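**Q** I am attaching a structure below and will ask some questions about it afterwards.
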Amino acid sequence: MADRKAAGAGAAAEIVFSHVTKHYPGRRAAAVKDLSLVVPAGEICVLVGPSGAGKTTAMKLVNRLIDFDEGDITIDGRSIRELDAVELRRGIGYVIQQIGLFPHMTVGDNIAVVPRLLGWPKQRIRERVAELVELVGLEAGDRDRYPSQLSGGQRQRVGLVRALAAEPKVMLMDEPFGALDPITRDRLQNEFLRLHEVERKTVIFVTHDIDEAIKLGDRIAILREGGVLAQYDAPDAILASPADDFVARFVGADRGLKRLALRRLSEIELDSPNGIPPDAPRTSLQTTIRDALSLMLTEGAENLVVVDDSGEVAGLLSVGRVSRLLAEP
Amino acid sequence: MSGPPPPVVIPNFGGASKCVTNNDLFCADWVQHNWGSTLQPALLEHLRLTLIAVAIGFVIAFAAAVVARRLRFVEHPFTLVGALLYTIPSIALFQLLVPFTGLTETTVEIALIGYTLLILFRNTLAGFQAVPEDVLEAARGMGLRGREILWRIEVPLALPAIMAGLRIATVTVISLATVAAFIDDEGLGSPIFRAIQSNVFKTELFAAGGLAVALALFADAFLVLVQRLVTPWARRERT
Ligand SMILES: Nc1ncnc2c1ncn2[C@@H]1O[C@H](COP(=O)(O)OP(=O)(O)OP(=O)(O)O)[C@@H](O)[C@H]1O
Ligand SMILES: [Mg+2]
């Protein structure tokens, strides 16, 4: 049992970039310049930045679809240069914006591609496919359908679980939800986070949408033109104290509000519920501070009554408390 | 030198029917009598000529398309050679080959293969080129090797185009192979030539010509069926 865990089933790996530089031939500026960062095992690292900042390039260096010129990248302490590129890729889940499902294969066969390449026994492949199809909310019957028979959102779900199929330690995702409508995108983001809870991988996730980065990332790496790392930190830290003007502009003038969206009322200290104003609006502990603030402003109320799941009053939230939270570093 | 085979008289098998001696439009009794001795062997020879030409032509064109898929500069020269072979009138091409390979089946096959190359190469290459870039990118990123990408992804996805090429090539060769009897006395061209030389014996002309047309139609329908079977994914649309 313990052995199986050690062998890597479902485990995650630490990824380290050290002084990595990539120059495309015939280009003056580097696409990625002296990039150093550590993605701890099991965390989601979001690469974000304007178009052309080298996000895709940096991500593709990890599975060697692009080779770097200088520096090194290690996965679990091993340099990826020492590994056979094909073997390396089979151990890394890969999801792209255009999805790239194989149109001539059914959903089930698409998901089974890498397990088959790895020579898994038939029975195990069948079980894994069934498990993933269910995990991502498709019907069992969808397994035998072709990609052309699915909606865009369903296709992206299949693309996502196809990458998870062989239980990789690392996932690379390049704007996987970029082409979806806002509602489907939101739903898939939530599903992705749920999947991540179930099967913890080390994820490098590329997007140019700062809100997506804040929502999904344990850490955010902000790249600027020329492939230079501008800041690498937890979302809250970046929103609280942007390293420079570029980062501040990139995260937006509403960074204070975005920061409030990161925390729920259950995570902060509330005022004691003495002398509750009878007409104060109510909300649950699961509400984000940002939504709570919005509620107070729209209701024109100074205070908000916070109730827990059983309807008991948990405390009081005041506008003053919110602004004090914003001032925290 | 080559030339038309020596003239023959309308075959007289004992009491030739009135229909035959009158050279009426079509005499079923003649066809019945000569099916086993003339028409059926000619049909089978024709089929064999066609199969060999299309098979070898396909192997050559497919290999060339596999190379051209990656090395763009191969496409032009091969297309040029194919187009040249395709546009030379068939009789002239046969004659050009005779000094080298004589009045043999080899001559016939070389010429027929020449006619298939352009069609098969163009279609196969178009099939490869139509494979979406994101599909290839995903395949590479998932760790498929070059050869696995070719056989598991590119060839299956090129199949509709490849099959379309095979249909055109097959029908073309069936039609052209009748002229081959001019060089090598076999196939459905053989009874056709003989009929023309015997004062245009209409029954034999129509019977053999009709068989060539039927063979072409049948082959085409057969290939359509094969195509449906090998590309089930191409038919089903979103429901
Ligand atoms: N194959 C290539 N050859 C030459 N230059 C390239 C190549 N791919 C990318 N570049 C250049 O490298 C730089 C970084 O590109 P990259 O695709 O990594 O950016 P990105 O951050 O992913 O942008 P986007 O948000 O638009 O996807 C750009 O200037 C781009 O033009
Ligand atoms: Mg990109």
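The values are calculated or read from the model by the stated rules, or taken from the named source; none is laboratory data. The structure presented is a predicted model; accordingly, all values stated were derived computationally and were not measured. All Cβ positions, glycine included, derive from the backbone under ideal geometry; neighbour counts span all protein chains shown. Each accessible area value is taken on the protein alone, full model and side chains, heavy atoms only, with ligands, DNA and RNA left out. Shrake-Rupley method; radii C 1.70, N 1.55, O 1.52, S 1.80 Å.
**Q** Would you confirm whether or not segment B:204-223 contains a residue that is part of a loop (DSSP other than H, G, I, E, B), open to solvent by 40 Å² or more (accessible area, probe 1.4 Å) and within 20 Å of B:Asn23 (Cβ to Cβ)?
**A** For segment B:204-223, residues part of a loop (DSSP other than H, G, I, E, B), open to solvent by 40 Å² or more (accessible area, probe 1.4 Å) and within 20 Å of B:Asn23 (Cβ to Cβ): absent.
**Q** Just the residues that are open to solvent by less than 80 Å² (accessible area, probe 1.4 Å) and more than 10 Å from chain B (Cβ to nearest Cβ), please, taken from segment A:77-92.
**A** So the first thing to find is which residues in segment A:77-92 are open to solvent by less than 80 Å² (accessible area, probe 1.4 Å), and the list is A:77, A:79-80, A:83-86, A:88-92.
Answer for segment A:77-92, where residues must be open to solvent by less than 80 Å² (accessible area, probe 1.4 Å) and more than 10 Å from chain B (Cβ to nearest Cβ): A:Gly77, A:Ser79, A:Ile80, A:Leu83.
**Q** Follow-up question, since we're still on this one. Of all residues in segment A:35-48, count the ones that are within 14 Å of A:Val16 (Cβ to Cβ) and either within 16 Å of ligand 1 (Cβ to nearest atom) or of a type in the set (Val, Ile, Thr) (or both).
**A** Just the residues of segment A:35-48 that are within 14 Å of A:Val16 (Cβ to Cβ), to begin with: A:35-41, A:43, A:45.
So of that shortlist, the ones also either within 16 Å of ligand 1 (Cβ to nearest atom) or of a type in the set (Val, Ile, Thr) (or both) come out as A:35, A:37-39, A:45.
Of the residues in that region, 5 qualify.
**Q** Out of all the residues in segment A:64-99, which are within 18 Å of the chain's Cα centre (by Cα), within 16 Å of ligand 1 (Cβ to nearest atom) and not hydroxyl-bearing (Ser, Thr, Tyr)?
**A** Those that are within 18 Å of the chain's Cα centre (by Cα), within 16 Å of ligand 1 (Cβ to nearest atom) and not hydroxyl-bearing (Ser, Thr, Tyr): A:Val95, A:Ile96, A:Gln97, A:Gln98, A:Ile99.
**Q** Only one of A:Ile73, A:Ile92 is of a type in the set (A, V, I, L, M, F, W, C), modelled with pLDDT of 95 or more and more than 29 Å from A:Val247 (Cα to Cα); which? First the steps, then the outcome.
**A** Numbers: A:Ile73 fails: more than 29 Å from A:Val247 (Cα to Cα).
Unique residue meeting the criteria: A:Ile92.
**Q** Let me ask another. Return a yes/no flag: does segment A:301-313 have any residue that is hydrophobic (A, V, I, L, M, F, W, C), within 30 Å of A:Ile222 (Cβ to Cβ) and not in a loop (DSSP other than H, G, I, E, B).
**A** no
**Q** Go through segment B:73-172 and tell me which helices (runs of 4 or more DSSP H), entirely inside it, have 1 or more residues that are within 14 Å of another protein chain (Cβ to nearest Cβ) and open to solvent by less than 40 Å² (accessible area, probe 1.4 Å). Walk me through it before giving the result.
**A** Values: elements: B:75-87, B:90-101, B:105-129, B:133-141.
Hits in segment B:73-172: B:105-129, B:133-141.
Here is a yes/no grid of residues against (1) out of contact with any Asp or Glu (no Cβ under 8 Å at 6 or more places or on another chain); (2) open to solvent by 70 Å² or more (accessible area, probe 1.4 Å):
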site: A:Leu223; (1), (2): yes, no
site: A:Gly252; (1), (2): yes, no
site: A:Arg264; (1), (2): yes, yes
site: A:Ile276; (1), (2): yes, no
site: A:Gly315; (1), (2): no, no
site: A:Glu328; (1), (2): yes, yes
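**Q** Moving to a separate point now. Taking only segment A:102-133 into account, find how many residues are in a loop (DSSP other than H, G, I, E, B), in contact with a helix residue (DSSP H, G or I) (Cβ under 8 Å, 6 or more places away or on another chain) and away from chain B (no Cβ under 13 Å).
**A** 1
**Q** I've got another one for you. Could you list, in sequence order, all residues of segment A:54-76 that are more than 11 Å from every other protein chain (Cβ to nearest Cβ) and more than 16 Å from ligand 2 (Cβ to nearest atom)?
**A** Residues satisfying the conditions are A:Asp67, A:Phe68, A:Asp69, A:Glu70, A:Gly71, A:Asp72, A:Ile73, A:Thr74, A:Ile75, A:Asp76.
**Q** Might you check whether a residue that is under 19 Å from B:Asp185 (Cβ atoms) and charged (D, E, K, R) occurs anywhere in segment B:68-78?
**A** no
**Q** With A:Ala179, A:Ala140, A:Ala166 as the choices, which residue is closer than 16 Å to A:Leu195 by Cβ and out of contact with any Cys (no Cβ under 8 Å at 6 or more places or on another chain)?
**A** Details: A:Ala179 fails: closer than 16 Å to A:Leu195 by Cβ; A:Ala140 fails: closer than 16 Å to A:Leu195 by Cβ.
Criteria check complete, one pass: A:Ala166.
**Q** Can you tell me which residue within segment A:148-180, out of those that are more than 23 Å from A:Leu47 (Cβ to Cβ) and buried (at least 22 other Cβ atoms within 10 Å of the Cβ), is farthest from the other protein chains (Cβ to nearest Cβ)?
**A** Let us first name the residues in segment A:148-180 that are more than 23 Å from A:Leu47 (Cβ to Cβ), namely A:148-155, A:158, A:165-167.
Those still in the list that are buried (at least 22 other Cβ atoms within 10 Å of the Cβ) too: A:158, A:165-166.
Details: A:Val158: 11, A:Ala165: 9, A:Ala166: 9 Å.
The selected residue is A:Val158.
**Q** Can you pull out the residues in segment B:203-239 that are at pLDDT below 85 and β-branched (Val, Ile, Thr)?
**A** Those that are at pLDDT below 85 and β-branched (Val, Ile, Thr): B:Thr203, B:Thr239.
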